[in-house]
Each structure stands twice: as structure tokens, then as C-alpha cells.
Amino acid sequence: MIKPETNPNPRARILLVDDYEMIRVFLRSGLAELGFRRIEEAKNGFEAIVKLKQAYLNKDPYEVIFCDWNMPEKSGMDVLVECRRDKHLQTLPFIMVTAESEQDKVVEALKAGATDYIVKPIAPGILHKKMLKVMFKMAAAV
Amino acid sequence: MTNAARSLQVQLDHTLATTVTQAVIGTISGMTGIRPQPGNFQVVNRVDLHADISGIISMVQDQTDAVLVVSFQKDAIFHILARIYQQQFKDLNHSVQQGVGEFTNIIYCQLKTELNKTGFQFRMALPNVVIGDQHKVTNASGPSLVVPFNVAGHSFHVVLQLRQASEQGRKAA
């Protein structure tokens, strides 16, 4: 269980991407409860890519991205594909967040390189579990 | 489009009302811990509701179109969103409008998943939101399923309207 006081990486930089403010607020609140302090937001896929690339150039890269799938103009899938094509973002833990729960959609996201998948509505326990998995992977990679 | 999907019609009945109810309760309680209380559903030829803010989403597949409307009295959506935002709302501002849109979207996706398991092929869609104190929610034609909900003494409704698309209409389009 991650508790704020025992979070091994509270300064991990996290990017939340969703065109709906309510979801960004919900995720931010859930992650803050787990002790994460560097949580930033993007309202669309274009903004997300700019932030991801700039962060890398500034030598302060994001360590996890939560990205909505169903966004107008540049979807979460477009963002994922672009990340996986970029040598600096290829291994970024990418959690697709979506209201789509049909099996073929889950498979499509994972085949495109998503690290994990969260279905809305997001239960707080699920967010916790997904972050724990990502943090274990990050710790193992060090 | 499979032959099975072509022959399916959306039945506005207890089973569908239960699916709608589960989608609504799953969505709102899952994200807020607030469990809306459903009322008795009705199938009506004429919808006659008043609401302050409504999310609308078209449910499109080749043969049967439907429209899902989630209509809130403002105090109902204020109460629900206060749990997520940890603040009280007084106006149907941008945050509230977005909240209604996203709830409509999530409810639709849950409904779509269950209906598609039975052979339908409803697709992803984007919601619209209509705002106006006590605006009237009604249907142009065709039967509608209406499921009322109550949350902390404030009401909201889900309306599922059905339109059977004609073979000729589809080919012409």
C-alpha cells in the first residue's frame, strides 16, 4: 500500500491528459493522496506532446503519463503512438484512461504500447493499484 | 454489420432499464461514492421533463439509432460534483458543464458495452451539453425509456430515445 509518508518517489513528475477537467481533478486528487507532489496537466493531445518533449529537453522528464483516449483532434491513441515512435519517450510508462471497456479496445491499446489501462469510472483503489505497479517497474529499472 | 445486429431492435423494457440504472449508479458511485436512488422506469410516447442542464449523446449503428439524454436539476449535479472538486458550486459554469458531459460519456460507454455484448454495434461518440434553467426535455417521435434518479433529495433523469433507421435512408446517406 502506498502511503504519502512511505511513497518512495513523491517527486516523480506525472502528466495527466484529459479534455475533461473533472477527470484531471479526480486523478490529481487521487495521486496527491498517495503522496505525489509534481502532478501537471494537459487539456489535449497536442499540449501533452509539447510538454513531454520539452520536459525531456529540460532534463526533467515526466515519469508517468495518464492519458484519456477519446479526445477530439489528437486522441490518446495518437499520443501513445507518437510517444512510442520517439526514442526519448519510448519507455515512458503510459496509462491509457478511457470509458471504453470492450476487450478489443483494451487489446488495441496494449498492442500499441500502453503500459496499462484504466476504465472510467475510476475507483480510487484501482488508481492506487496501477500506480503501485508502475512504481515497482520504475524501481526495477533503476 | 452482422445479420444478427441488423435484426436486433432495442427493446425499451425492464432489462434495458436495469442496464441503464447499473450504468448510472456504477458511474456516479464509482467516482464519488454517492449512490443515486433509481425510481420506477416508464416507457412513454411523449417525454415531458424539465431540467437545468442536460448531456446528450447520439448512439449510432447502422440500423437502429438511439439518443441518450442525462438531465439534471442543478442541485443534483452540484451535489455530485462537490464530492470530486471538494468545493460547492453555485452556477452552471464550465466545470459543471464539463462534468455533465463526462458523466454522460461514461454512462453511455457502460451502456454501449452491455448492449454490444448482445449483438449491437454502437460506436464511440462525443456528448453535447445543453444549459438553461428548467429547459424542457422532450422527444420528437418514437418511444422513450425514462429512468428517474434521486441524489440527496435532488433529481436527475436518463432518457433513452429510439429511432429505427430505414434501409433506404441509410443507402441514400
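Coordinate-derived values only; no laboratory data. Keep in mind it's a predicted model, so treat the numbers as computed, not measured. So basically every Cβ, Gly included, is an ideal-geometry build from the backbone, and we count neighbours across all protein chains shown.
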Among the lysines, which have Cα under 18 Å from the Cα of A:K43 when same-chain residues fewer than 8 positions away are ignored?
A:K51, A:K53, A:K74, A:K120
Normalised radius of gyration for the range B:68-144, please: alpha carbon Rg relative to 2.2 N^0.38 Å, two decimal places.
1.27
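Over every pair of different alpha-carbon atoms in the range B:24-173, take the mean of 1/r and invert it; report that Kirkwood radius in Å.
Every distinct Cα pair counted, the radius reaches 15.9 Å.
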Bin width 10 Å, alpha-carbon pairs only: give the P(r) of chain A as whole percents, running from 0 to the bin holding the largest distance.
12, 47, 36, 5
Averaged over A:20-27, number of beta-carbon atoms from partner chains that fall within 10 Å
6
Highest average packing first - A:118-127, A:63-72, B:93-102, Cβ atoms within 10 Å
A:63-72, B:93-102, A:118-127
Looking at the range A:75-142, what % of the alpha carbon pairs are farther apart than 20 Å?
32
Counting all Cα-Cα pairs in the protein assembly as shown, those more than 32 Å apart amount in percent to 32
Averaged across A:119-126, how many Cβ atoms of other chains sit within 10 Å of each residue's Cβ atom?
5
Determine the shielding of peptide B:102-112 by partner chains: average, over its residues, the number of Cβ atoms on other chains within 10 angstrom of each Cβ.
5
